[in-house]
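Q: Right, I'll just put the structure down here and ask away after.
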Amino acid sequence: MKANSSAIETIRPPLSTTPGNGLWWGLLGVAAFSFTVPFTRVAVGGLEPLFIGSGRAVVAAVLAACALALTRQRPPRGVQWARLMLVAGGIVVGFPLLTSFALAAVPASHGAVVIAVLPAATAAMAVIRGRERPRSAFWLITAIGAAATIAFASAQSGGFGQLHWSDLLLFGAVAAAAIGYAEGGLLARELGAWQTVSWALVLAAPLMVFLMGLSMSQQTPSGTPVQWAAFAYLGVVSMFLGFFAWYQGLAIGPMAQVGQVQLIQPVLSIGWAALLLGESLAWSTIVGGLAVIFCAGLAVRTRNSTPTPGRGEGPR
């Protein structure tokens, strides 16, 4: 597929008008991502958050560089490099580092509930990048979902209006991932699904190698076999193979419909936290999670059903 080297960006349409195949690819990616929060929680039990956040990206970047070299992929051109910087900043640098530091202080189930607002955030970014003009109901429901998430985090942090620093990191991770998901889904239509995440990983590799080296110079990594296994999963699956399926699903599209699959990710993550980590699920966690997921689902569905007249008519 030819890369777009023009200085004027053209947003390409989905690879398919029927969401069936895209939904299955998206489901596979979400299943892979659902282990990210609990496995990060496992890894930070013995490894430093900076090492985990940067090291997992370095592992994935090595795999990505090998895949790109073996298949002799043509490098991106022109503005595609700038767009890849957004993807890299969101999913390679921002989300892994922020969640690693946050999950060193909060349970995996708590992190999964806060991150549950991600589908609504991704839908909002897709609206912005697709130059759509949704009805005010979409923004209203998105705001309600954000408020529900903040209320849950505040209640868990000791009272209404009190947010722990780890919650702020989780909200930052959501914003970073939403940007990376939306931009990566669009770019995957031009470069290919696995090529997009691979080039993003390679682009961010120098920074992540530096951060990993900085962490190792401060403290030699030392963990149990289980903690190293969790770290390996984060590098190989969460940062690399999972995005193959996820971006393929977004590229096949339609992006908004495929994005709805993401609503089951927090449910799975909370379940894995209880099953694998033995975390007890309080009623506040269950009710808070359901409320956030419900609001996110409404936001995504409202965005899907919103006609966008004129030039705001979705990806072209």
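Q: Mind checking which pairs have a first residue in the stretch 190-201 that is on the phi > 0 side of the Ramachandran plot and surrounded by fewer than 24 Cβ atoms within 10 Å (Cβ to Cβ) and a second that is of a type in the set (A, V, I, L, M, F, W, C) and outside any helix (DSSP H, G or I), Cβ under 8 Å, 6 or more apart or different chains?
A: Cβ pairs passing all conditions: GLY192/MET1.
Q: Could you look through the stretch 217-248, keep only residues that are under 15 Å from LEU97 (Cα atoms) and not small (Gly, Ala, Ser), and pick out the one that is modelled with the lowest pLDDT?
A: Only one residue fits best here, namely MET239.
Q: Is at least one residue of the stretch 151-170 under 15 Å from the mean Cα position of the chain (by Cα) and at pLDDT 80 or above?
A: yes
Q: While we're here: Any residue at all in the stretch 49-59 that's in contact (Cβ under 8 Å) with a residue 12 or more places away in the chain, in a loop (DSSP other than H, G, I, E, B) and farther than 18 Å from ALA173 by Cα?
A: no
Q: For the stretch 111-120, indicate whether the set of residues that are assigned to a loop (DSSP other than H, G, I, E, B) and modelled with pLDDT under 85 is non-empty.
A: Here is the first cut: in the stretch 111-120, the ones assigned to a loop (DSSP other than H, G, I, E, B) are 116-117.
This time we only want the ones that are modelled with pLDDT under 85, so: 116-117.
Among the residues of the stretch 111-120, at least one is assigned to a loop (DSSP other than H, G, I, E, B) and modelled with pLDDT under 85, which makes the answer yes.
Q: Hey, VAL267 hits all of (1) under 22 Å from the mean Cα position of the chain (by Cα); (2) at pLDDT 85 or above; (3) surrounded by fewer than 23 Cβ atoms within 10 Å (Cβ to Cβ) but one; which does it fall short on?
A: Tallying (1) under 22 Å from the mean Cα position of the chain (by Cα); (2) at pLDDT 85 or above; (3) surrounded by fewer than 23 Cβ atoms within 10 Å (Cβ to Cβ), VAL267 fails exactly one: (2).
Q: Select from the stretch 274-294 the residues that are modelled with pLDDT of 75 or more and closer than 26 Å to ALA123 by Cα and write down the one among them that is nearest to the chain's Cα centre (by Cα).
A: Filtering first and then ranking leaves ILE293.
Q: Considering SER217, SER222, which residue is among the polar types (S, T, N, Q) and part of a loop (DSSP other than H, G, I, E, B)?
A: Going through SER217, SER222 in turn, the sole match is SER222.
Q: Among the residues of the stretch 128-137, are any under 17 Å from TRP246 (Cβ atoms) and assigned to a helix (DSSP H, G or I)?
A: yes
Conditions tested, residue by residue: (1) within 14 Å of PRO38 (Cβ to Cβ); (2) buried (at least 24 other Cβ atoms within 10 Å of the Cβ); (3) among the hydroxyl-bearing types (Ser, Thr, Tyr).
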position	(1), (2), (3)
LEU203	no, no, no
MET208	no, yes, no
MET212	no, no, no
GLN219	no, no, no
THR224	no, no, yes
LEU276	yes, no, no
GLU279	yes, no, no
ALA282	no, no, no
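Q: So, one more: Look through the stretch 91-107, keep the residues that are surrounded by fewer than 24 Cβ atoms within 10 Å (Cβ to Cβ) and of a type in the set (Gly, Ala, Ser), and return whichever of them is farthest from LEU276 (Cα to Cα).
A: My answer is GLY94.
Q: While we're on this one: Working only within the stretch 126-144, note down all residues that are crowded, with 24+ Cβ neighbours inside 10 Å and modelled with pLDDT of 75 or more.
A: Within the stretch 126-144, ALA126 is the sole residue that qualifies.
The values are calculated or read from the model by the stated rules, or taken from the named source; none is laboratory data. Nothing here was measured: the structure is a model prediction, and the numbers come from that model. Heads up, the Cβs are rebuilt from the backbone with ideal geometry, glycines too, and the neighbour counts pull from every protein chain shown.
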